[in-house]
Amino acid sequence: MSLFIETIRIIDGKAFNIDLHNQRLNSTRLHFFGKIAEINIDNMIDPSPYKELTKCRIAYNKEIVSIEYIPYQVRPVSSLRLVKDNTIEYSWKTTNRETINRLFASRQKYDDILIVKNDLITDTSICNVAFSDGNRWETPESPLLKGIQRECLLKQSTIHEARISTDDISKYKHISLFNAMIGFGEIILPITSINI
């Protein structure tokens with residue numbers, strides 16, 4: 001069985017969204033392993049030495065298997081290729097990314113992929129997305145993975161869930177890519193950057 005993963009953003013000695021990462025880690029453990037003692041990530045990591053942007057990668061199953069601290073650089077993205085896969089599943093953040101990696105390999109000259117499932121927009125290979133019409137940011141209501149940053153942005157009403165099909169893309173002006181490591185607004189592309 002693959003390991004599960006939590007990826008935590010650290011910068012200036014501070015770890016972000018620990019409560020939400022704890023919640024996801026423990027709900028994943030409960031789902032797969034039944035009722036067991038909860039783990040508190042905050043007691044297991046030490047972000048204080050890391051001043052630059054750092055990825056804290058926690059691999060776990062029933063228990064924590066490993067904790068790594070890795071310097072992080074945002075991969076430049078300026079173009080996206082739509083790829084379709086109606087059977088893809090990635091509801092749980094795991095080390096098994098075979099299908100995503102296979103789709104990513106089909107990106108051709110584009111920097112990343114935008115995955116379509118049953119004619120609905122989901123995610124890129126590593127990010128949740130949101131689309132702007134100039135007034136409001138909307139995120140697909142059925143992403144492959146309901147990411148931590150996405151959850152924060154929804155709670156803050158910065159983004160709003162919507163059913164977004166491939167036919168809807170042209171009504172938007174911009175797309176934003178974000179995840180636990182890439183803040184909302186760090187990668188915003190014109191809608192024309194998507195190869196439809």
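The values are calculated or read from the model by the stated rules, or taken from the named source; none is laboratory data. What you see is a predicted model; the values in this text were computed from it and never measured. Using ideal geometry, Cβ is built from the backbone for each residue, glycine included, and neighbour counts are taken over all protein chains shown.
Summary table
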item: Residues of segment 8-65 satisfying the condition of being free of Cβ contacts under 8 Å to residues at least 24 places away in the same chain, closer than 26 Å to GLN156 by Cβ and assigned to a helix (DSSP H, G or I); result: ASP19, ASN22, GLN23, ASN26, SER27
item: Selection count where residues are within 20 Å of ILE88 (Cβ to Cβ) and over 8 Å from the mean Cα position of the chain (by Cα), scope segment 142-161; result: 4
item: Which listed residue, of LEU154, LEU177, is surrounded by 22 or more Cβ atoms within 10 Å (Cβ to Cβ) and out of contact with any Phe, Trp or Tyr (no Cβ under 6 Å at 6 or more places or on another chain); result: LEU177
item: Elements of type strands (runs of 3 or more DSSP E) contained in segment 109-196, each with 1 or more residues being of a type in the set (A, V, I, L, M); result: 112-117, 120-124, 128-132, 160-162, 174-178, 187-190
item: Number of positions in segment 97-121 that are under 30 Å from ILE45 (Cβ atoms) and either buried (at least 16 other Cβ atoms within 10 Å of the Cβ) or not assigned by TED's automatic domain parsing to the domain that holds MET181 (or both); result: 4
item: Residue check for ILE188: touching a helix residue (DSSP H, G or I) at 6+ places or on another chain (Cβ under 9 Å) and on the phi < 0 side of the Ramachandran plot; result: no
item: Members of segment 147-166 found to be in contact (Cβ under 8 Å) with a residue 24 or more places away in the chain and of a type outside the set (A, V, I, L, M), listed by number; result: GLY147, GLN149, ARG150, GLU151, CYS152, THR158, HIS160, ARG163, SER165, THR166
item: Some residue of segment 68-75 being among the β-branched types (Val, Ile, Thr) and in contact (Cβ under 8 Å) with a residue 60 or more places away in the chain; result: yes
item: Residue within segment 32-39 that is surrounded by 12 or more Cβ atoms within 10 Å (Cβ to Cβ), at pLDDT 95 or above, over 21 Å from the mean Cα position of the chain (by Cα) and β-branched (Val, Ile, Thr) present; result: yes
